[in-house]
Amino acid sequence: MDEDFSAESLSRPGALIGWKVEVFESIGSTNEEAMNRGEKGEKEGLVIVAEAQEKGRGRLGRIWESPAGVNLLMSLLLRPGVRPEEASMITLFSAVAAARAVERETDLRPRIKWPNDLEFSGRKVCGILTEMKVFADRLEYAVAGIGLNVNMDVKDLPPGVAERATSILAELGRPVSRLSLARSLFEEFEKSYLGFLKGEKGAILKDWHERARMRGEDVEVMLDGDVIEGRVRDLDEHGALLLDTERGLRRILAGDVQRARKI
Ligand code: BT5
């Protein structure tokens, strides 16, 4: 799709999120760049966008893959000044904002998977990586990194990743405007972020649950090489997963969730 996907067309002068947008043809990682800007004291709301990443980051040293020029790869710099235990909420409301943007631009309804994915029928369409710097028990700054597969032919991902991935193009059967999707995402993100700053956690969790539909689901959580089986009870107020297991209730802060296979 031929369109003007530039810093000028993406930026939102006077707004909080996207008051300044920088677009890189290629970069190591947008998260890395946004973290560096945080360190240098840049105002929150800066968004770093890239057409390609050489070292796109996933969690736990994993790689985020993306062919150039077809997807959304972006990192948003935030200075919420909250305590570190609130950081998981940033991932949760970012997932809600990304889902809402997709819902606004298409008739698709992505599902949220705890803690940081959007998916369609078990195939990942979006991953989120929140990084932060803590100083004196507060977040000095945080970066929400969002990778959303938009107009990508899934075959352009490496084998091993492609099988479990999808894109808006693949789901919809036609390309969409990355520009208007990104602009919707900025607007939705700003709404969610302002709600977060006002302490509206209940609303965030409600929106999240509506799109995750995980309560009561039997799952397996991969955690440091261990597999924990259980039934999802809820999320707590810090975004941790509460699982009913054979050995009682477990609270899990981070991990990879798989739906348990029904026998
Ligand atoms: C994530 O990690 O899902 C977080 C991804 C965040 C990426 C964005 S892009 C912009 C910003 N700048 C960065 O450097 N990062 C952020 P995790 O849950 O650990 O999942 C990583 C796994 O997802 C990989 O190990 C692959 O299996 C899979 N994967 C990689 N690329 C994918 C893609 N394009 N679509 C679907 N799955 C992918």
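The values are calculated or read from the model by the stated rules, or taken from the named source; none is laboratory data. Everything numeric here is computed off the predicted structure, so don't read it as measured data. With ideal geometry, Cβ positions are generated from the backbone for all residues, glycine too; neighbour counts draw on all protein chains shown.
Listed conditions (1) at pLDDT below 95; (2) near the ligand (Cβ under 10 Å from one of its atoms) are all met by Gly145, apart from (1). Just to be sure I understand, how many residues within segment 170-185 are touching a helix residue (DSSP H, G or I) at 6+ places or on another chain (Cβ under 8 Å), touching a residue at least 60 places away in the same chain (Cβ under 8 Å) and part of a helix (DSSP H, G or I)? Qualifying residue count, segment 170-185: 7.
Collect the residues in segment 62-81 that are within 10 Å of the ligand (Cβ to nearest atom), in a loop (DSSP other than H, G, I, E, B) and more than 19 Å from Leu185 (Cβ to Cβ), keeping them in residue-number order. Across segment 62-81, the qualifying residues are Arg62, Glu65, Pro67.
The single condition among (1) touching a strand residue (DSSP E or B) at 6+ places or on another chain (Cβ under 7 Å); (2) surrounded by fewer than 18 Cβ atoms within 10 Å (Cβ to Cβ); (3) outside any loop (DSSP other than H, G, I, E, B) that Lys206 does not meet is (1).
Restricting attention to segment 78-107, the residues that are more than 20 Å from Glu237 (Cα to Cα), out of contact with any strand residue (DSSP E or B) (no Cβ under 7 Å at 6 or more places or on another chain) and of a type outside the set (Ser, Thr, Tyr) add up to 7.
With respect to the stated conditions, Met222 fails to be part of a loop (DSSP other than H, G, I, E, B), under 21 Å from the mean Cα position of the chain (by Cα) and on the phi < 0 side of the Ramachandran plot.
For residues in segment 3-16 being of a type in the set (D, E, K, R) and outside any helix (DSSP H, G or I), which is surrounded by the most Cβ atoms within 10 Å (Cβ to Cβ)? Don't jump to the end; show me each part of the working.
Narrowing segment 3-16 to residues of a type in the set (D, E, K, R): 3-4, 8, 12.
So of that shortlist, the ones also outside any helix (DSSP H, G or I) come out as 3-4, 12.
Numbers: Glu3: 11, Asp4: 8, Arg12: 17.
Ranking the candidates gives Arg12 first.
Selection within segment 17-50: residues that are part of a loop (DSSP other than H, G, I, E, B) and within 11 Å of the ligand (Cβ to nearest atom). The member of this set that is nearest to Phe196 (Cα to Cα) is Ser29.
Filtered by the rule that a residue be within 11 Å of the ligand (Cβ to nearest atom) and either exposed (fewer than 13 other Cβ atoms within 10 Å of the Cβ) or part of a helix (DSSP H, G or I) (or both), segment 160-169 gives Gly160, Ala162, Glu163, Arg164.
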